[in-house]
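*Asks:* One structure follows; several queries about it will come next.
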Amino acid sequence: VSIVGPIFLSSQLLANMVVFGYLLGLEEFIKDMRVGTYVVVTAVTLLPVVGPTAQDDQNVSELLSSVPALAWSCLNVGCMFAALLSLLLLDVSALKESYRMLLLLVTRATAFTVNLTVSKLVILDISTALLVVSIFLKVTSGAIITYALVIQSTAVSQAKFAPLNASALILVNATTGMIIWQDWRVVSSWTGYCCVFVQLVLGNYLLLGDVDLLSPENQKYGRGEMLRKTGILKKRDEIRSLQQELNADGEDYDMFPDAALEGTQQGNGAGQTAERRMDRRARMSTTKEAWSSVYFDDAIPPSSRGATNRRRTIFAIDDSAPARESGSAIC
């Protein structure tokens with residue numbers, strides 16, 4: 001079961017790229033998506049070599065009667081029917097995109113795993129009652145998969161959902177093999193087996209294409225946006241805007257003190273301009289020092305070494321150019 005699922009999904013991804021990308025030209029597969037498909041296919045090719053081997057002498061009754069197998073089976077079947085009821089009763093289009101994806105992922109992953117598991121039970125020597133239950137779950141899970149596919153086609157972005165769905169199906173299916181069918185007893189190489197699943201997840205992540213969920217530009221999950229929501233970058237952004245205003249003259253506040261002094265000797269107008277710039281630099285330096293002290297002293301203990309140097313590095317504070325005061329200068 002843990003090998004059939006990844007093989008099925010990888011062959012589907014490869015067929016989609018070949019048919020819709022190369023033959024029909026209906027979809028554009030960028031470099032990341034092509035590489036992701038090749039990574040998934042390569043990982044699945046190695047899976048039968050390093051993964052679990054077939055176990056023909058298993059006692060199905062003993063396997064299904066164990067506590068972990070019962071708990072995992074009930075969890076999968078329960079989540080499958082709960083997700084189906086949610087799809088039937090809720091207005092899926094009115095939910096947030098993340099909730100729609102999560103609901104469809106749970107539906108697809110649990111139904112796919114249940115379908116593969118009972119498919120294996122049907123061909124084994126089992127009791128009549130278990131055979132009837134297996135056939136019922138086989139038909140029901142197949143219908144749920146079809147219904148979820150119909151909703152998926154209009155409710156979510158296929159470019160985002162397809163790779164996430166493949167990763168979820170592979171991981172849930174592998175967990176089922178470990179818990180119910182005890183694949184952990186016959187794994188050829190644990191290192192290779194784990195690396196194959198890491199490759200599968202990374203390959204599906206590449207299939208997302210230009211979508212980078214954890215990039216700094218991502219407004220919801222990016223680290224820059226998360227820091228901004230917590231308020232850490234608020235003062236820094238304000239300081240950057242003031243720095244840009246200060247540099248509107250084409251000079252940095254601590255770059256040309258000598259030129260400013262020369263300006264005072266060239267005439268009254270030039271001297272006032274230079275003195276005004278020095279006053280703006282002085283007030284800017286004072287403002288930065290005050291903000292850095294208030295903002296970072298709460299987060300960094302006073303006893304920490306290098307706290308002052310760290311603040312000066314972040315805010316570009318220069319103590320070598322002493323601030324000059326000018327009562328008549330107006331910024």
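The values are calculated or read from the model by the stated rules, or taken from the named source; none is laboratory data. Because the structure is predicted, anything quoted here is derived from the model rather than measured. Cβ atoms come from the backbone with ideal geometry, glycine included; neighbour counts cover every protein chain shown. The protein model used for the area step is the full one, side chains on, heavy atoms only, and it has no ligands, DNA or RNA in it. Shrake-Rupley method; radii C 1.70, N 1.55, O 1.52, S 1.80 Å.
*Asks:* Once a ≥ b ≥ c are taken as the square roots of the eigenvalues of the Cα gyration tensor of segment 104-178, is the result rounded (a/c under 1.5), prolate (a/b larger than b/c) or oblate (a/b not larger than b/c)?
*Replies:* Verdict is oblate for segment 104-178.
*Asks:* Further question on the same structure: Tally up the carbon and sulfur contribution to the accessible surface of segment 78-169 as a whole percent, 1.4 Å probe, everything protein left in place.
*Replies:* Whole-percent figure for carbon plus sulfur exposure: 72.
*Asks:* A follow-up question, please. What is segment 1-158 by shape, rounded, prolate or oblate, if you read a ≥ b ≥ c off the alpha carbon gyration tensor as root eigenvalues and call it rounded for a/c under 1.5, prolate for a/b larger than b/c, and oblate otherwise?
*Replies:* Here segment 1-158 falls in the oblate category.
*Asks:* Something else: Let me make sure I get this right: for segment 43-97, a, b and c are the square roots of the gyration tensor eigenvalues over alpha carbons, sorted descending. Under 1.5 in a/c it's rounded, otherwise prolate if a/b > b/c, else oblate. Which is it?
*Replies:* oblate
*Asks:* Also: In nanometres, what is the gap between the two model label sites at Arg240 and Ser86, each 7 Å from Cα along Cα-to-Cβ?
*Replies:* 3.7 nm
*Asks:* Then there's this: Count the net charge of all other residues whose Cβ sits under 14 Å from the Cβ of Ser141, scoring Lys and Arg as +1 and Asp and Glu as -1.
*Replies:* It works out to a net charge of +3.
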